Amino acid sequence: MKKNDKRNAYLYCKFRDEQYALYDEYAKRHGLLMKTLLVLNVLYYAPSSMTQKEICQKTFNSKQTVNLIIKNLLKDGYITLEEDPQNKKNKFVKMTESGKAYAKQPVVHITRAEDTAMSMFTPEEQEQLISLSRKFTRNLADLMNRNEDEK
């Protein structure tokens with residue numbers, strides 16, 4: 001590993017952390033926790049209901065985190081829960097009309113900002129950004145999941 005590799009890893013992770021902070025600050029300005037914003041986002045754009053497991057997969061949140069968010073959204077009347085007739089353990093989560101109204105402004109605004117920020121790249125730059133980010137994530141996951149004693 002070269003000195004430049006370490007520098008670039010630091011810079012890339014710093015940019016990632018800056019993006020994370022932007023999302024966190026945006027959510028706070030709208031009276032939300034960032035993870036709640038992520039759940040609202042997937043539910044808002046879901047064509048139909050989703051299971052909590054699907055929400056976990058799409059938001060990269062734990063079952064416990066999603067369950068707590070779902071309980072709060074249910075209490076506030078922003079979602080409904082429906083039991084899966086095939087599997088009583090699963091419940092389908094769906095936004096209510098008041099939930100859609102509640103989530104619309106922050107979710108649509110941030111989606112438009114993301115889409116517009118991406119549109120400022122050429123199609124080639126977009127593909128390169130996505131491809132390299134995906135590759136970095138895969139490499140990082142592989143290295144983090146290795147036995148720590150491995151060299």
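The values are calculated or read from the model by the stated rules, or taken from the named source; none is laboratory data. These figures come from a predicted structure and were not determined experimentally. In this analysis, Cβ positions are derived from the backbone assuming ideal geometry, glycine residues included, and neighbour counts consider all displayed protein chains.
Per-structure values
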| read-out | value |
| --- | --- |
| Condition broken by ARG29, with the remaining ones in (1) among the basic types (Lys, Arg); (2) surrounded by 10 or more Cβ atoms within 10 Å (Cβ to Cβ); (3) modelled with pLDDT of 95 or more satisfied | (2) |
| Candidate set: region 15-53, residues that are in contact (Cβ under 8 Å) with a residue 12 or more places away in the chain and of a type in the set (S, T, N, Q); chosen: the one farthest from GLN64 (Cα to Cα) | SER48 |
| Failed item in (1) under 30 Å from ILE130 (Cβ atoms); (2) more than 17 Å from the chain's Cα centre (by Cα); (3) modelled with pLDDT under 95; (4) not polar (S, T, N, Q), with LYS14 passing the rest | (3) |
| Residue in region 109-143 that is surrounded by the most Cβ atoms within 10 Å (Cβ to Cβ), counting only those that are part of a helix (DSSP H, G or I), without any contact (Cβ under 8 Å) to a residue 24 or more places away in the chain and among the β-branched types (Val, Ile, Thr) | ILE130 |
| Filter result for VAL66 (of a type in the set (A, V, I, L, M) and in contact with a Cys (Cβ under 9 Å, 6 or more places away or on another chain)) | yes |
| Count of region 69-89 residues which are closer than 12 Å to MET50 by Cβ and not β-branched (Val, Ile, Thr) | 3 |
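Residues checked against (1) within 16 Å of VAL42 (Cα to Cα); (2) among the aromatic types (Phe, Trp, Tyr); (3) surrounded by 11 or more Cβ atoms within 10 Å (Cβ to Cβ); (4) modelled with pLDDT of 95 or more:
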| residue | (1), (2), (3), (4) |
| --- | --- |
| THR80 | yes, no, yes, yes |
| ASP84 | no, no, yes, no |
| ASN87 | no, no, no, no |
| ALA101 | yes, no, yes, yes |
